[in-house]
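Engineer: One structure coming up, written as structure tokens, with questions to follow.
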There are 2 protein chains.
Amino acid sequence: MIQLYHFALSPFCRKVRLTLAEKKMEVVLEPLPYWEAGSEFLRMNPAGKVPVLRMDRLILSDSQAICEYIEETMPEPPLMPRDPEKRAEVRRLVAWFDDKFHAEVTSKLVYERINKKLTRQGYPDGTNVKSGVKAIKFHLDYMGWLLDQRRWLAGPDMTLADFAAAAHLSCLDYSSDVDWNRNAGVRDWYAKIKSRPAFRSILADVVPGFRPAPHYADLDF
Amino acid sequence: MIQLYHFALSPFCRKVRLTLAEKKMEVVLEPLPYWEAGSEFLRMNPAGKVPVLRMDRLILSDSQAICEYIEETMPEPPLMPRDPEKRAEVRRLVAWFDDKFHAEVTSKLVYERINKKLTRQGYPDGTNVKSGVKAIKFHLDYMGWLLDQRRWLAGPDMTLADFAAAAHLSCLDYSSDVDWNRNAGVRDWYAKIKSRPAFRSILADVVPGFRPAPHYADLDF
């Protein structure tokens, strides 16, 4: 049995969930409010973060380490190209979203609006929200620029880079922070990825106390 | 010709430099004050960050994407094991240092004491420095615990995880922020890695206006 300890609105967990689902690996989702992580969880991951993947005696943490492990052990369907140069482009974009986009957008909007309240750390900081609202425009434009030249973000095929990006955007869509009218290319890309069977469980996510945007689960948004 | 655009005290650049040197790849180091990155640099890496590796027409960015690319194209000597489970452990630890250690320690000490002054962002914030001084103890203890059971951080062989860790610790050693008496195992590990030829260029680094700790380049510290 495969278990994934996760938090519904974590983009890192969502990237792993999309990867597992695309590979048709059955997984039991174990919701873990990471801010209440106890000593049992810290023994699995001393970093105290989700996602953590458990497959019998094997325990893996760090979302990218998990995704690369899945890709190496379950190569079909591939979510990474074979050519090293193209793999580097996939990894550059995964890092773009998990590092830069996360710092400039996700942490400024989703974390301020939702995680802060859940973890009782007070109210959203207006300066952060404002800076996130501004930064997401630049990022949507950059994605649009990539998608003008490529079918998927990293090239002709869907890869982990698309899942990393979609994981963040889907969290931001939950909190109504994505203006889908800004870039038609990005909207078309998200419609394609949103309609995949792998996305279903993410569209069904509910965080108690926070209603998703009305179009959140709508494939025709 | 291989060029690496870098900043001397960036742990991400140092990880790449160690990897290139260990593989005996000759590289021309191009110092790039990332805070003055102009449009030409942004065309190479729209994220505006160092390191950027340039090999003729190929331009790579993101330190981990670069290291994985080097490992895939120059497999000798190996800096990653072959077994997927062990590779996941290497990647977990690389992320531990580049993500968690960076956020809790490097950014709180090196960035406060040095980068902030270089980029004219004012004086070190005492609260940040205090939290970094506290956090590095936990991290050194965790490294010591790993090294009680393993010859190198991720297992019996030296890997990218050791280079990621040494890259951060060497920056902190420059700013006199490592208490080498805290853990004998960590000290022995650092002595081993510091004496490798790949480390030489790092021990020769000088950031104008900031003198390194007296023992910084001393192999018998």
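Engineer: Name the single residue that is farthest from the other protein chains (Cβ to nearest Cβ) among those in segment A:76-91 being open to solvent by 30 Å² or more (accessible area, probe 1.4 Å), assigned to a helix (DSSP H, G or I) and basic (Lys, Arg).
Structural biologist: Among them, the one singled out is A:Lys86.
Engineer: If you don't mind, another one. Among the residues of segment B:109-120, is any in contact with a Pro (Cβ under 9 Å, 6 or more places away or on another chain), assigned to a loop (DSSP other than H, G, I, E, B) and not assigned by TED's automatic domain parsing to the domain that holds B:Met25?
Structural biologist: For segment B:109-120, residues in contact with a Pro (Cβ under 9 Å, 6 or more places away or on another chain), assigned to a loop (DSSP other than H, G, I, E, B) and not assigned by TED's automatic domain parsing to the domain that holds B:Met25: present.
Engineer: So A:Leu60 fits all but one of (1) assigned to a helix (DSSP H, G or I); (2) touching a Phe, Trp or Tyr at 6+ places or on another chain (Cβ under 8 Å); what number is the exception?
Structural biologist: (1)
Engineer: Can you work out which of the residues in segment B:111-134 that are touching a residue at least 40 places away in the same chain (Cβ under 8 Å) and under 23 Å from B:Leu153 (Cα atoms) is nearest to the other protein chains (Cβ to nearest Cβ)?
Structural biologist: Residues of segment B:111-134 that are touching a residue at least 40 places away in the same chain (Cβ under 8 Å), as a first pass: B:113-115, B:117-119, B:132-133.
From what's left, under 23 Å from B:Leu153 (Cα atoms): B:132-133.
On the way: B:Gly132: 17, B:Val133: 20 Å.
Among those that are touching a residue at least 40 places away in the same chain (Cβ under 8 Å) and under 23 Å from B:Leu153 (Cα atoms), it is B:Gly132.
Engineer: Check segment B:54-67 and report whether any residue there is polar (S, T, N, Q), open to solvent by less than 20 Å² (accessible area, probe 1.4 Å), within 12 Å of chain A (Cβ to nearest Cβ) and touching a residue at least 40 places away in the same chain (Cβ under 8 Å). Steps first, answer last, please.
Structural biologist: First, pick out the residues of segment B:54-67 that are polar (S, T, N, Q): B:61, B:63-64.
Narrowing the set further to residues that are open to solvent by less than 20 Å² (accessible area, probe 1.4 Å) leaves B:61, B:63.
Checking the rest, the ones that are also within 12 Å of chain A (Cβ to nearest Cβ) come to B:61, B:63.
Still in the running and touching a residue at least 40 places away in the same chain (Cβ under 8 Å): B:63.
Yes: segment B:54-67 contains one or more residues that are polar (S, T, N, Q), open to solvent by less than 20 Å² (accessible area, probe 1.4 Å), within 12 Å of chain A (Cβ to nearest Cβ) and touching a residue at least 40 places away in the same chain (Cβ under 8 Å).
Engineer: So in segment A:10-44, with the set limited to residues that are without any contact (Cβ under 8 Å) to a residue 24 or more places away in the chain and either more than 29 Å from B:Asp141 (Cβ to Cβ) or part of a loop (DSSP other than H, G, I, E, B) (or both), which one is most open to solvent (accessible area, probe 1.4 Å)?
Structural biologist: Residues of segment A:10-44 that are without any contact (Cβ under 8 Å) to a residue 24 or more places away in the chain, as a first pass: A:24, A:36-40, A:42-43.
After this cut, where a residue has to be either more than 29 Å from B:Asp141 (Cβ to Cβ) or part of a loop (DSSP other than H, G, I, E, B) (or both) as well, the list is A:24, A:37-38.
Working: A:Lys24: 173, A:Ala37: 32, A:Gly38: 36 Å².
Once the filter is applied, the top-ranked residue is A:Lys24.
Engineer: Additional query: Hey, among the residues in segment A:147-157 that are touching a residue at least 24 places away in the same chain (Cβ under 8 Å) and part of a helix (DSSP H, G or I), which one's surrounded by the fewest Cβ atoms within 10 Å (Cβ to Cβ)?
Structural biologist: Of all residues in segment A:147-157, those touching a residue at least 24 places away in the same chain (Cβ under 8 Å) come to A:147-148, A:152-155, A:157.
Next, only the ones that are part of a helix (DSSP H, G or I) stay: A:147-148.
On the way: A:Leu147: 18, A:Asp148: 9.
Filtering first and then ranking leaves A:Asp148.
Engineer: Among the residues of segment B:116-146, write down those that are of a type in the set (S, T, N, Q), at pLDDT 95 or above and surrounded by 13 or more Cβ atoms within 10 Å (Cβ to Cβ). Give the steps one after another, and end with the answer.
Structural biologist: Our first condition is that a residue be of a type in the set (S, T, N, Q); within segment B:116-146, this holds for B:119, B:121, B:127-128, B:131.
Okay, now just the ones that are also at pLDDT 95 or above, so B:127-128, B:131.
Result: B:Asn128, B:Ser131.
The values are calculated or read from the model by the stated rules, or taken from the named source; none is laboratory data. Please read all numbers here as calculations on a predicted model, not as lab measurements. We place every Cβ from the backbone using ideal geometry, glycine too, and count neighbours over all the protein chains shown. In case anyone asks, the SASA skips ligands and DNA or RNA and just uses the protein heavy atoms, side chains included. Shrake-Rupley method; radii C 1.70, N 1.55, O 1.52, S 1.80 Å.
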